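Visitor: The structure is given below, and queries will be raised subsequently.
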Number of protein chains: 2
Amino acid sequence: MEYAAGVDFGGTSAKIGLVDRSGVVLQRAEVVMDPRETYEGLLRPVADRLRGMVGRQEGRLLTVGIGTPGFIDKRRGLIIGGCVNLPALQGRSVQEYLGAELGVPAFSENDATSAAAGELAFGAGRRFSHFALITIGTAIGGGLVLDGKVYRGSRGLAGELGHLCMVPEGLWCNCGSRGCFEQYASATAIVRLYDEKARKRQDPPEAQTSPQPAIGTREIVERARGGEAIARDTLEEAGQWIAQAFGTLMNALDLQACLVGGGFSQAGEAILEPIRRHLPDHCWPQVGRGVQVLAAELANDAGILGAAAQAMERLGA
Amino acid sequence: MEYAAGVDFGGTSAKIGLVDRSGVVLQRAEVVMDPRETYEGLLRPVADRLRGMVGRQEGRLLTVGIGTPGFIDKRRGLIIGGCVNLPALQGRSVQEYLGAELGVPAFSENDATSAAAGELAFGAGRRFSHFALITIGTAIGGGLVLDGKVYRGSRGLAGELGHLCMVPEGLWCNCGSRGCFEQYASATAIVRLYDEKARKRQDPPEAQTSPQPAIGTREIVERARGGEAIARDTLEEAGQWIAQAFGTLMNALDLQACLVGGGFSQAGEAILEPIRRHLPDHCWPQVGRGVQVLAAELANDAGILGAAAQAMERLGA
């Protein structure tokens with residue numbers, strides 16, 4: 001049996017797994033990441049753990065796939081920006097280190113593009129050759145599958161779908177631009193929107209200055225399902241923004257499906273239904289015909305499966 | 001010598017040419033289009049003229065490429081919408097007719113996607129594997145080249161770049177959506193913007209209701225070059241919109257170049273300079289690095305060359 005390793009770097013840990021060709025996770029592990037560590041200090045424990053797992057696994061390791069936040073140059077796997085939580089990786093190549101340590105080809109990829117590769121190989125993207133995935137969490141990431149393949153762009157930087165311009169002179173974004181999608185429909189933005197609505201609708205108006213207890217998107221979705229108007233209106237507004245982003249992508253790219261992934265995809269129909277309802281407002285009828293709006297399918301292991309999938313795809317395995 | 005035919009359907013005429021592999025137009029002709037004609041009535045004169053040209057041409061005809069406005073299903077070449085100036089072609093396939101008449105494979109394509117194929121084969125796109133072309137005329141069309149190939153999307157409908165959403169509750173567009181790019185930076189929109197500014201800046205204000213003599217984009221560009229403030233401000237504003245559209249596409253697709261084509265590309269630096277200046281406002285610095293903003297190079301023969309180029313590409317010739 002042949003298998004790939006998938007390594008998904010987050011800000012606080014790296015999730016590691018061995019994945020067979022059908023998407024079964026054969027082994028999994030987690031290594032704590034200390035943001036103050038050096039490049040070597042971050043990667044050596046990952047390599048050691050991975051070697052141990054491979055030693056216990058029958059069959060043959062084909063490749064190591066790596067997902068990290070940020071901009072990754074596709075030729076050498078250099079992280080050229082955006083990996084703020086693990087600054088020691090900035091300007092360095094994780095794929096060169098882990099490839100050399102494990103003795104197989106290794107491939108680094110932006111985590112959201114990795115997630116799209118995972119959905120294409122093992123998840124909701126299996127039935128489609130043309131789709132966009134947006135991952136909604138603290139930020140918004142994106143991945144594109146075009147003509148049946150993961151689309152990486154000229155340097156590997158494609159899929160920054162959180163930075164589609166939604167409002168020309170809109171909210172300032174971390175990227176330095178204004179009006180980015182991320183500022184309107186990330187989990188952070190959805191929580192802020194909920195808080196603003198809750199405060200504004202308080203009666204008497206004097207109470208509007210009192211801070212609300214901060215709640216997360218999971219609680220907002222629960223409240224919406226329970227019929228709370230503020231929560232429902234928040235998801236309605238988020239759904240409109242997401243429909244605008246998907247509509248623009250569909251007009252440009254003639255997609256078959258739009259997938260919602262990331263932590264917020266647990267909202268399911270509570271967010272998918274308003275997106276579907278508003279989507280025709282934002283695209284040509286011909287372009288919109290038959291396009292499916294779905295939640296990503298890979299849940300807790302999405303990072304590992306995506307990292308492994310993109311590496312197997314690039315290896316041609 | 002092997003060559004392709006290129007046929008470019010406009011609202012009032014079809015331009016026909018024979019094109020060799022290096023992009024030289026060996027013969028050219030024009031057939032008047034009467035919008036009231038039937039499918040057969042429109043296409044028979046084109047086929048007849050084309051056969052005559054082929055009869056006089058040494059070498060071998062490989063393929064017929066066709067560019068038309070509208071949405072063209074890539075499998076059968078059916079025009080499934082958007083070809084309002086030649087209603088008899090709606091729901092029909094030009095490629096099947098001309099292919100059968102000429103006895104070679106024929107391929108229909110949206111005219112702006114054709115134009116991108118032409119720039120890739122023979123024009124400003126030759127040096128790039130990843131670029132977007134926007135064609136600015138009465139409307140805005142678009143074509144994408146990704147991974148070195150013309151990108152058509154899942155059904156052949158990709159590249160509707162005139163319908164990127166620029167303003168969520170902006171101007172209503174012909175497509176039924178709001179805030180489309182076309183409403184802000186087409187030649188029509190640029191002329192309207194100039195007229196509005198000219199009227200608004202009239203002194204005394206009472207004169208603001210008097211209609212201005214309508215001028216075209218060519219005259220606006222001339223006046224901007226001559227230093228007229230209203231014309232300069234008009235192009236500045238158009239340049240901002242175009243930069244917003246290109247920036248969004250660059251963030252999504254990691255492009256190497258952004259090309260401006262169509263009639264308005266004659267503006268040259270008068271529009272390219274403001275686009276370049278505003279582009280960094282609308283994309284990640286990493287994504288923007290090294291991206292070139294250029295005018296399309298193919299001028300009067302762009303339609304013929306594009307139609308021939310996309311057919312040669314699809315034939316694999």
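Just so you know, all these numbers are worked out from the coordinates, no wet-lab data involved. A quick note: this is a predicted structure, and the numbers were derived from the prediction, not measured. A quick note on method: Cβ atoms are made from the backbone with ideal geometry, for glycine too, and the neighbour counts reach across all protein chains shown.
Visitor: Taking amide hydrogens as modeled 1.01 Å from N in the peptide plane, which residues meet the under 5 Å criterion relative to B:Gly261, leaving out close sequence neighbours?
Guide: B:Ile134, B:Thr135, B:Ile136, B:Ala296
Visitor: Continuing with the same structure: Within chain B, what percent of beta bridges assigned by DSSP are antiparallel, to the nearest 5?
Guide: Bridges in chain B that DSSP calls antiparallel: roughly 55 percent.
Visitor: In sequence order, what are the phi-derived ³J(HN,Hα) couplings for region B:115-131 according to the Karplus relation 6.51 cos²θ - 1.76 cosθ + 1.60 with θ = phi - 60°, rounded to whole Hz, with x for glycine and proline?
Guide: 4, 5, 4, x, 5, 5, 7, 10, x, 5, x, 4, 8, 10, 9, 9, 8
Visitor: Okay, next question. How big is the gap, in Å, between the Cα center of region B:96-130 and the Cα center of region A:234-287?
Guide: Comparing the Cα centres of region B:96-130 and region A:234-287, I get a distance of 32 Å.
Visitor: Distances from B:Val24 to the same residue in each other copy, label points 7 Å out along Cα→Cβ, in nm, shortest first?
Guide: 6.4
Visitor: Shifting gears a bit: To check you understand DSSP bridge types, tell me what percent of the beta bridges within the protein assembly as shown (both residues inside) are antiparallel, rounded to 5.
Guide: On the way: 56 of 98 bridges.
Expressed as a percentage, antiparallel bridges in the protein assembly as shown total about 55.
Visitor: Oh, and also: When a/c is below 1.5 the answer is rounded, else prolate if a/b is larger than b/c, else oblate, so apply that to chain A with a ≥ b ≥ c taken from the square roots of the Cα gyration tensor eigenvalues.
Guide: On the way: a/c = 1.96, a/b = 1.56, b/c = 1.26.
Prolate, because a/c is 1.5 or more and a/b exceeds b/c.
Visitor: Still on this model: When only Cα pairs under 8 Å and 6 or more residues apart are kept, what is the percent relative contact order across region B:126-295?
Guide: Details: 290 pairs, mean separation 40.6, N = 170.
Relative contact order of region B:126-295: 24 percent.
Visitor: Can you say what percent of the DSSP beta bridges in region B:126-295, counting only those with both residues inside, are antiparallel? Round to 5. Before the final figure, lay out the partial values.
Guide: Working: 11 of 20 bridges.
Expressed as a percentage, antiparallel bridges in region B:126-295 total about 55.
Visitor: Quick one: what Rg and Dmax do you get for region A:1-43 from the alpha carbons, in Å?
Guide: For region A:1-43, the Cα radius of gyration and maximum Cα-Cα distance read 12.3, 38 Å.
Visitor: Distance between Cα centroids, region B:136-210 to region A:21-85: provide it in whole Å.
Guide: 46 Å
Visitor: Per residue, what volume in Å³ does the Cα convex hull of the protein assembly as shown take up?
Guide: Working: hull volume 113.5 nm³, N = 634.
Taking only Cα atoms, the protein assembly as shown has a hull volume of 179 Å³ per residue.
Visitor: Can I ask one more? Of B:Arg218, B:Arg92, B:Arg289, which has the largest mean-square fluctuation in a 10 Å C-alpha GNM of chain B?
Guide: So, out of B:Arg218, B:Arg92, B:Arg289, the one fluctuating most is B:Arg289.
Visitor: Using a 10 angstrom cutoff on alpha carbons, build the Gaussian network for chain A and name the most mobile of A:Ser154, A:Ser114, A:Ser177.
Guide: The residue that fluctuates most here is A:Ser154.
Visitor: Could you work out the helix-only [θ] at 222 nm for the protein assembly as shown, with each DSSP H run of four or more residues adding -39,500 (n - 2.57) and the total divided by the number of residues, to the nearest 500 deg cm²/dmol? Don't skip to the end; give the middle numbers.
Guide: Details: 20 runs with 238 residues, N = 634.
The per-residue figure over the protein assembly as shown is -11500 deg cm²/dmol.
Visitor: D for region A:125-295, whole µm²/s, Stokes-Einstein with Kirkwood Rh over alpha-carbon pairs at 10 °C and 1.306 mPa s: what number?
Guide: 96 µm²/s
Visitor: Can I ask one more? For A:Arg127, which inter-copy label distances result when the label point lies 7 Å beyond Cα on the Cα-to-Cβ vector, reported in nm to one decimal and in ascending order?
Guide: Nearest first, the other copies' label points are 4.6 nm away.
Visitor: Also, I was wondering about something else. Between B:Ser13 and residues 5 or more places away or on another chain, which pairs have amide H atoms under 5 Å apart, with H built 1.01 Å from N, and which residues are they?
Guide: B:Met33
Visitor: Now for a different question. I want to verify a result. In a Gaussian network model of chain B, Cα cutoff 10 Å, which of these has the top mean-square fluctuation: B:Leu171, B:Leu146, B:Leu89?
Guide: Of the options given, B:Leu171 has the highest mean-square fluctuation.
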